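The values are calculated or read from the model by the stated rules, or taken from the named source; none is laboratory data. Given the structure is predicted, the values throughout are model-derived calculations rather than measurements. Heads up, the Cβs are rebuilt from the backbone with ideal geometry, glycines too, and the neighbour counts pull from every protein chain shown.
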Amino acid sequence: MNANWRPDLSDQDVVLSLSARKSPYFNILSYCRHVGLEVKRDRVGYWVARVRRRDGGYSQRRLCQAFRARRLTADFHEAVKLAEIWFSTREVVAVAAEPYQVGSKRDLSICPICREYTVGHALKEYLEWKVLAASRSHFETLVSLINYHLVPRVSHIPIAEFDGNAFHKLAVDVLETPPKRSKNVATSRLNIRSMSQDQLRKRKKTFNALVSILRGAFELAWERRHLENDHPMRCLRRLPNVDRPRIIFLDRAECHLLLEKCNIDLRQLVTAALYTGCRANELIAMSAKDFSEHTRSLFVASPKGRKTRHVLLPSEAIEFFRGLTKDKTGSDRMFRKSNGRIWGGEYRSYFQHARTLAGLPRNLTFHGLRHTYASQLLQDGASLMTVADQLGHANTQTVSSTYGHLTSFRKADEIERCFSTLLQTTERPISTSKNTVIDDPASQSLPVFRHRSDSSWPRSNHSSYSGPLLGALRPETLD
């Protein structure tokens, strides 16, 4: 049972097979409301209920006997009924936190019923289409954005009356609304002029996502003849200047330091991410059969609802994945913790702990390993298309906008190499390529600055060197 850390307590065979332990096995009815099974060493089991209090602690109560001597005396459904009775008692209601549903909401928080076709109607039909066309995770993100930002602000507006004034008011409201945290609703607004540049960039990015949703909903309404003209669509404008290059990634020395500070379970995930550039959820979902030594690749199945891909592996990674899958069958999970459990979201806290021990920047996340993989490939000469294919992007646009600034030193070398001589008297400067060999003995006394092969950081485009050697480096034709 180690492989299943949250067993299905509604299954009688599972209940009778659980081993004794100090803490109960819990199933979640709704967040803040749980029913569990307490298994004792004398092979007697008891149903228990647990409720989360508003102060952050838990209150727990034993409900009834579940089994004795491998004979069931009360099943899970009986336990749930008893738990619901306890949850509704006066003493529990007085201290318990509000329950909320498990998982993400998958429908609008309103049901538009008025005769006139409103923005709310358009959003409802848009989600009905997206549930067919989008991946589950993307669909749930759309629902969350619509319910949090669009439903309370524009859902009541007749779609034919949506104009520039309504759009401008929506833009200000969204930019001044703090981001949603869990299920909590923001209460105070932020003034645009008081935001930092990074805060404003993030709010603009959220607003642009909402613009894309509205544009899709309005286009669908147009196709279904709910709009007589395209004026509402013409009001929608994206805000510019919201993207910036990723800057949080590691050099090879920092990668080694991070791996040293990881425990044995996390080290496997981190190593795999540095070898492949895969996201954490892609690695966690992999099976042993996804590794192919024959094709020297790793199969990534439907990441984020997009097309599948094969990530090519270097020889060092081949050895790593061969050892990882050696004693596993094709359907076995490739990555498990040492206790046999499947990885979940707890990898984040594991990573934060290792990052702190390694003394790395606090804003480095596990996703930063994906940036590390891409940036180091580019700086060692890989093409944008190769990196885009490895990361699973449809084209090079994302790679270019995110990491393109890291290839500036390669561009300088390429221009110098490809430029044809115009004037024979012009002296060609010493190449800055890291593979250059300098034959002039006199030049051996000069400091030679090369790109550090063990660093992910780009070389400066401009030199600020000054000193007694400046005269020796200055061409005589300039004197």
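Condition check for TRP86 on (1) touching a residue at least 24 places away in the same chain (Cβ under 8 Å); (2) part of a helix (DSSP H, G or I); (3) within 21 Å of ARG6 (Cα to Cα): one failure, at (3). Kindly provide the set of residues from the range 327-366 that are closer than 14 Å to LEU266 by Cβ, hydroxyl-bearing (Ser, Thr, Tyr) and touching a helix residue (DSSP H, G or I) at 6+ places or on another chain (Cβ under 8 Å), ordered by number. Once the filter is applied, which keeps residues that are closer than 14 Å to LEU266 by Cβ, hydroxyl-bearing (Ser, Thr, Tyr) and touching a helix residue (DSSP H, G or I) at 6+ places or on another chain (Cβ under 8 Å), the range 327-366 yields SER338, TYR347, TYR350, THR365.
When LEU369, LEU364, LEU357 are checked against the criterion of being within 29 Å of ASN395 (Cα to Cα) and either outside any loop (DSSP other than H, G, I, E, B) or at pLDDT 95 or above (or both), a single residue qualifies: LEU369. Looking across the range 119-166 at every residue that is surrounded by 14 or more Cβ atoms within 10 Å (Cβ to Cβ), of a type in the set (D, E, K, R) and out of contact with any Lys or Arg (no Cβ under 9 Å at 6 or more places or on another chain), the one that is nearest to ARG234 (Cα to Cα) is identified as LYS124.
For the range 186-220, the set of residues classified as in contact with an Asp or Glu (Cβ under 7 Å, 6 or more places away or on another chain) and part of a helix (DSSP H, G or I) consists of ILE192, LEU220, listed by residue number.
Among the residues of the range 132-162, none is identified as modelled with pLDDT of 90 or more, farther than 23 Å from LEU175 by Cα and touching a helix residue (DSSP H, G or I) at 6+ places or on another chain (Cβ under 6 Å).
Which one of these is more than 30 Å from PRO232 (Cα to Cα), basic (Lys, Arg), in contact (Cβ under 8 Å) with a residue 40 or more places away in the chain and surrounded by fewer than 14 Cβ atoms within 10 Å (Cβ to Cβ): ARG71, ARG33, ARG41, ARG54? Steps first, please.
On the way: ARG71 fails: in contact (Cβ under 8 Å) with a residue 40 or more places away in the chain; ARG33 fails: surrounded by fewer than 14 Cβ atoms within 10 Å (Cβ to Cβ); ARG41 fails: in contact (Cβ under 8 Å) with a residue 40 or more places away in the chain.
ARG54 is the lone residue from the list that is more than 30 Å from PRO232 (Cα to Cα), basic (Lys, Arg), in contact (Cβ under 8 Å) with a residue 40 or more places away in the chain and surrounded by fewer than 14 Cβ atoms within 10 Å (Cβ to Cβ).
Given the condition in contact with a Pro (Cβ under 6 Å, 6 or more places away or on another chain), closer than 30 Å to THR386 by Cα and crowded, with 16+ Cβ neighbours inside 10 Å, answer yes or no: does some residue in the range 199-219 qualify? No, there is no match, as no residue in the range 199-219 is in contact with a Pro (Cβ under 6 Å, 6 or more places away or on another chain), closer than 30 Å to THR386 by Cα and crowded, with 16+ Cβ neighbours inside 10 Å. Put simply, of ALA66, ALA20 the only residue that is assigned by TED's automatic domain parsing to the domain that holds GLU91, small (Gly, Ala, Ser) and either under 25 Å from ALA97 (Cα atoms) or part of a loop (DSSP other than H, G, I, E, B) (or both) is ALA20.
Is it the case, given these coordinates, that GLU116 is touching a Pro at 6+ places or on another chain (Cβ under 9 Å) and either closer than 15 Å to ARG215 by Cβ or exposed (fewer than 13 other Cβ atoms within 10 Å of the Cβ) (or both)? Please lay out each step first, then the result.
On the way: touching a Pro at 6+ places or on another chain (Cβ under 9 Å): yes; either closer than 15 Å to ARG215 by Cβ or exposed (fewer than 13 other Cβ atoms within 10 Å of the Cβ) (or both): yes.
Yes.
Exactly one residue out of ASP13, ASP42, ASP8 is within 19 Å of CYS64 (Cα to Cα), under 32 Å from the mean Cα position of the chain (by Cα) and either at pLDDT below 90 or not assigned by TED's automatic domain parsing to the domain that holds ARG71 (or both): that is ASP8.
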